[in-house]
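The values are calculated or read from the model by the stated rules, or taken from the named source; none is laboratory data. Worth saying up front: this structure is predicted, and the values here are computed from it rather than measured. Using ideal geometry, Cβ is built from the backbone for each residue, glycine included, and neighbour counts are taken over all protein chains shown.
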Amino acid sequence: MRKKTIYLLLFFLSSSCGILLPATHTLKTNQNKAEQYSKTITQKELKKHLKILSSDEFEGRETTTIGQKKAAAYINKHFIENNIKSPYGDTGYLQSFPVDVLDFSKVNFSYNGSKLTFIKDYYTFGNPINSSFNNIEAVDVGYGINSFQRNDFLGLNVKEKAVILKEGIPNGIIDKKEGNWRKKVKTAKKEGAIAVIFKKENYSNTDLNIKKYLEYPIMKMHGNQKSKPLPPVFVVDEKIIKELNQDTNTISFKTSVSQTKTSENVLGFIPGVTDEIIVISAHYDHIGYDRGEICNGADDDGSGTSSLMSISKAFQKALDEGNKPQRGILFLAVSGEEKGLFGSQFYTENPVFPLSKTIADLNIDMVGRQDTIQQDNNYIYLIGSDRISKELHSINEQINKKHVGFKLDYTYNALDDPNNFYQRSDHYNFARNNIPVIFYFGGLHEDYHQPTDDFEKIDFLKLERVSRFVFLTAWELAYRKKTLSK
Ligand SMILES: [Zn+2]
């Protein structure tokens, strides 16, 4: 599960409900057979996979790292050993994609010849173009506002220079938007400035979340830059600027922070009779290290990955015993989720099978724990199931009623869910393409994105039940004659 933003704490919902629809469709496949194969998914096997995926050897499976690649190799090996085919035929199971890694700690910044220390004295962020400047003049432009009320650039020439400015707005400025940092940077750029320096009052006690976020390399989807690049922005401790100030000030900087690396999705496939497919997805990447400690991500999303692996094996067994599904089933283990749903974005932009033939995505993320809200562990949160196909919602409910017996909780399916979970895992990239989705989710707990999200805390009975639930819903979708209606 992807973190919401770096600036906001997570809010826990207490109430508010999605709409429950009556189950009107009947299940159209052999439910005895489906149940028989679902039982081949066992706690024992889930444990075996999760023990390995959440081991220290995989170092928290952070996108582009060795640990992530070891996890990819483990899933790849599982597909080979179980005779599960690759949708690519003989060319392997991996779908590689490029990722831009921005390491801001590599920036050099000097003020009047004194080299400042990253984080301690200043920070920088955004999308800086790799650039290098030596001893360019820095001009103080007050608040850096140029509006109908006030022009701080009047009589100043900042072309090919840096500007130094204060945050916020002075008294008397009506339009609060004039204080927006991005607006100020754009104004400076328009005036010809090539770098912007914000003087920060009380620097050491402010922007702590941002500084923590910048400590580690930041990843962006390669070529995914939505906005035009802005000049480099430096937020500097005002005290240091005061200390170093001279009559004329200069800065030097070098912002070669960007490097392109690769990451991988791992794809397994069960062929069907028709050219339609369904997707079962889970992200196998996690967040790597937090201040030297490994975040093993047992629940997030070792649980979903183990589940995907066991489900794939159960479907392959059914196929091997002569039960060919109507539709193909694609097992999509993605990476880059924690960095911004990269793997699923890349897949949906470069699908192996046409998206028009992809009838549903069942996504499994964090399903091995009990959250901090529920009274017991006999529940699952379902998100998105009724948004694109009411029939999908109904099928899933009937499967639960017939085989599983969870309390289905639609709290987070509310359109105004402040957590915005609907957009925070990989199903969202399918939903954006109008493909029906269900996000199976166990909710948040105190170990979410902490080094304590460990194997020992997983409820394997819960994980087994969720895995069978997803398997049985996928079975109905894959084996029924009729396609899913929207
Ligand atoms: Zn996560």
Among (1) away from the ligand (no atom under 16 Å from the Cβ); (2) under 23 Å from the mean Cα position of the chain (by Cα); (3) in contact (Cβ under 8 Å) with a residue 24 or more places away in the chain; (4) not in a helix (DSSP H, G or I) - the single one ILE364 does not satisfy: (1)
Of residues in segment 421-441 being more than 14 Å from the ligand (Cβ to nearest atom) and assigned to a loop (DSSP other than H, G, I, E, B), the one nearest to SER467 (Cα to Cα): PRO436
Pair list, Cβ under 6 Å, 6 or more apart: segment 265-294 residue closer than 20 Å to TYR74 by Cα, other residue more than 16 Å from the ligand (Cβ to nearest atom) and basic (Lys, Arg): PHE269/LYS85
Selection count where residues are more than 16 Å from the ligand (Cβ to nearest atom) and in contact (Cβ under 8 Å) with a residue 60 or more places away in the chain, scope segment 295-327: 15
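Scanning for something in contact (Cβ under 8 Å) with a residue 40 or more places away in the chain and part of a helix (DSSP H, G or I), does segment 89-96 turn up at least one residue? Before the answer, list the steps.
Taking segment 89-96 and keeping what is in contact (Cβ under 8 Å) with a residue 40 or more places away in the chain, we get 93-96.
From what's left, part of a helix (DSSP H, G or I): none.
No, every residue in segment 89-96 fails to be in contact (Cβ under 8 Å) with a residue 40 or more places away in the chain and part of a helix (DSSP H, G or I).
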Residue in segment 4-25 that is closer than 21 Å to LEU463 by Cβ and either modelled with pLDDT of 95 or more or within 16 Å of the ligand (Cβ to nearest atom) (or both) present: no
Matching option when the condition is within 22 Å of ALA298 (Cα to Cα) and either surrounded by fewer than 19 Cβ atoms within 10 Å (Cβ to Cβ) or outside the structural domain of GLU264 (by TED's automatic domain parsing) (or both), among ASN377, ASN350: ASN377
Residue tally, condition in contact (Cβ under 8 Å) with a residue 60 or more places away in the chain, part of a loop (DSSP other than H, G, I, E, B) and within 16 Å of the ligand (Cβ to nearest atom), over segment 442-478: 13
Strands (runs of 3 or more DSSP E) enclosed by segment 97-202 - at least 2 residues per element that are closer than 30 Å to VAL266 by Cβ and touching a Ser or Thr at 6+ places or on another chain (Cβ under 7 Å): none
Residues being of a type in the set (A, V, I, L, M) and either out of contact with any helix residue (DSSP H, G or I) (no Cβ under 7 Å at 6 or more places or on another chain) or outside any strand (DSSP E or B) (or both) - total across segment 330-358: 4
Tally, over segment 251-293, of residues that are within 16 Å of the ligand (Cβ to nearest atom), over 19 Å from TYR428 (Cα atoms) and touching a Lys or Arg at 6+ places or on another chain (Cβ under 8 Å): 1
Residue in segment 101-131 that is nearest to the chain's Cα centre (by Cα), counting only those that are buried (at least 19 other Cβ atoms within 10 Å of the Cβ) and more than 15 Å from LEU214 (Cα to Cα): PHE109
Pairs where the first residue, in segment 401-423, is of a type in the set (S, T, N, Q) and the second is buried (at least 17 other Cβ atoms within 10 Å of the Cβ) and assigned to a helix (DSSP H, G or I), C-beta under 7 Å, 6+ apart: ASN419/TYR412
